[in-house]
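Right, one structure below, let's go through it.
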Amino acid sequence: MRKKRWAAGTGVLVVAATAVVVQTWPSPDGSTGDSGASRAQASNDTAPPRISTDERSELQRALDEVVEEGSSGAVAELVESNEAGRDRWNGVAGVSDRETNAPVDPGAHFRVASLSKTFVAAVALQLVEEGEFALDDTVGELLPGVLDENEDATLRMLLSHTSGIFSYNSEMPEVLDSPHRSFAPEELVEIANEEGPDFAPGSEVAYSNTNFVLVAMAIERATGNRYTDEVADRVITPLGLDETSVPMSEEIPRPVMRAYVADEPERGGSPAPRDITEFDPTRWYGTAQVVSTVTDVNRFWEALLNGEVLGDATLEEMLTVVDTASSGEGYALGVRRHTLSCDLDVWLHTGNIPGYRTWSVHAGRDRHLTMFQARYVDDPDPPAWDLVETGLCPSEAPEEPAPTPTDRPGEPVEGAGRGHDG
């Protein structure tokens, strides 16, 4: 396990493909450019972080609103740390089971959906460090004969969603119709082959789950092991993520917050939520299979951003942003950048599969917020983002209404019963 850490100061990130953007690494207070000497002095002068009673109340209010807007339950954790110590808030809202009304456990397990992609990207980048393959290797070189078109898309393009490869999940059978069906990764890629590419490699940015199916397959070809084992051996076990797993079966560890989706409307009434907690996860092979807790996900991101998972140069590559039309937004390699209303740049990933919506957002190395919601109506984004802004911009109340879901850096949303983005 790598123990290198970023040198104190700033990280300069060069945007791939169409433009160049310089991104300075934010320190815990949002400033940049502190020297190693100043950080050493801070360890003597800075008091441990403290999440105030008022901030905790506001966080709980925001979490309660997530449930009120269409989730059966939600759990969240905010961690703040500095050289002198750390503080933590963990909140729950709603129920974990609509039939029994059992309360939510703070350690509830979730299918983390597309948060899985950051775990998979970390493994792929470790293999790059080890010389097993390179970021500029093409799919044709990594996986000969697997793609019919766009074989010249590179590993970097897969990780940054610039490959142009069709996202297979758009044409998947509905989960509600086939919850127990398993899929081989080759089947998922074949769906993309049948549909054809969306654009030429490197010319645009478009989220595609097929990218990470291919990354998982490349990991397996390079190592001779199932990608799930590589994630466990390289990330989960070394970091002590005891509540995290990458299951190949329908079972999910307990305690669990049960997942629901809206089924056909009852006669004269509203859609009846249907339990979809257990289903075969291989429909999201390499893209959305990880099961974890808010505490473990925060620990993973803290380790990642503090240089415990990747070496300095590789971490800088991971955080190199592909420019998009929106200022402050962008995909990097298995992570994303977004600017909050308080002008704070954060690193994040979100996820969306039937019954679950997940959020993991990080301000520099030292402030980490993860929230899982068991949602049964489509996409209550604004209250979830209110929680993020409350946690990471606690002294800044947005002056304007929260943006609509299409203004937020969430994954594309499809019908409740379909494959979703993962």
Query raised in the report: Does segment 129-144 hold any residues that are surrounded by fewer than 21 Cβ atoms within 10 Å (Cβ to Cβ) and either under 15 Å from T314 (Cα atoms) or out of contact with any Asp or Glu (no Cβ under 9 Å at 6 or more places or on another chain) (or both), and which are they?
Result: E129, E130, G131, E132, F133, A134, L135, D136, D137
Report task. Please determine, by comparing only the residues of segment 207-230 that are under 16 Å from the mean Cα position of the chain (by Cα) and assigned to a loop (DSSP other than H, G, I, E, B), which one is surrounded by the fewest Cβ atoms within 10 Å (Cβ to Cβ). Result -> Y207
Report task. Kindly establish whether A384 is assigned to a helix (DSSP H, G or I), surrounded by 24 or more Cβ atoms within 10 Å (Cβ to Cβ), modelled with pLDDT under 95 and small (G, A, S). Result -> yes
Query raised in the report: Which condition does I191 not pass, out of (1) in contact with a Gly (Cβ under 9 Å, 6 or more places away or on another chain); (2) of a type outside the set (S, T, Y); (3) not in a loop (DSSP other than H, G, I, E, B), if it passes all the others?
Result: (1)
Query - Top-ranked residue of segment 284-314 - restricted to ones that are touching a residue at least 24 places away in the same chain (Cβ under 8 Å) and within 18 Å of G131 (Cβ to Cβ), ranked as surrounded by the fewest Cβ atoms within 10 Å (Cβ to Cβ) - result: D312
Query raised in the report: Which of the residues that make up segment 65-86 are among the small types (G, A, S) and within 28 Å of D45 (Cβ to Cβ)?
Result: S81, A84, G85
Report task. Return the total of residues in segment 315-339 being of a type outside the set (A, V, I, L, M, F, W, C), within 18 Å of A134 (Cα to Cα) and either crowded, with 20+ Cβ neighbours inside 10 Å or at pLDDT below 95 (or both). Result -> 3
**Report entry** Hey, V297 out of contact with any Cys (no Cβ under 9 Å at 6 or more places or on another chain), at pLDDT 95 or above, closer than 18 Å to L127 by Cα and of a type in the set (V, I, T) or not
**Finding:** no
Query raised in the report: Of the residues G131, G94, G107, G73, which is touching a residue at least 40 places away in the same chain (Cβ under 8 Å) and at positive phi?
Result: G94
Query raised in the report: When you look at R336, is it in contact (Cβ under 8 Å) with a residue 40 or more places away in the chain, of a type in the set (K, R) and farther than 27 Å from V95 by Cβ, yes or no?
Result: yes
**Report entry** Which numbered condition F279 misses (of (1) in a loop (DSSP other than H, G, I, E, B); (2) touching a helix residue (DSSP H, G or I) at 6+ places or on another chain (Cβ under 9 Å); (3) in contact (Cβ under 8 Å) with a residue 12 or more places away in the chain)
**Finding:** (2)
Requested in this report: Evaluate the following for R111: is it in contact with a strand residue (DSSP E or B) (Cβ under 8 Å, 6 or more places away or on another chain) and of a type outside the set (S, T, N, Q)?
Outcome: yes
Query raised in the report: If you take the residues in segment 90-128 that are among the β-branched types (V, I, T) and either closer than 16 Å to N209 by Cα or assigned to a strand (DSSP E or B) (or both), which one is farthest from the chain's Cα centre (by Cα)?
Result: V95
Query raised in the report: Is there a residue in segment 76-87 that is crowded, with 18+ Cβ neighbours inside 10 Å, under 23 Å from the mean Cα position of the chain (by Cα), at pLDDT 95 or above and outside any strand (DSSP E or B)?
Result: no
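The values are calculated or read from the model by the stated rules, or taken from the named source; none is laboratory data. All values reported here derive from a predicted model rather than from experimental measurement. Heads up, the Cβs are rebuilt from the backbone with ideal geometry, glycines too, and the neighbour counts pull from every protein chain shown.
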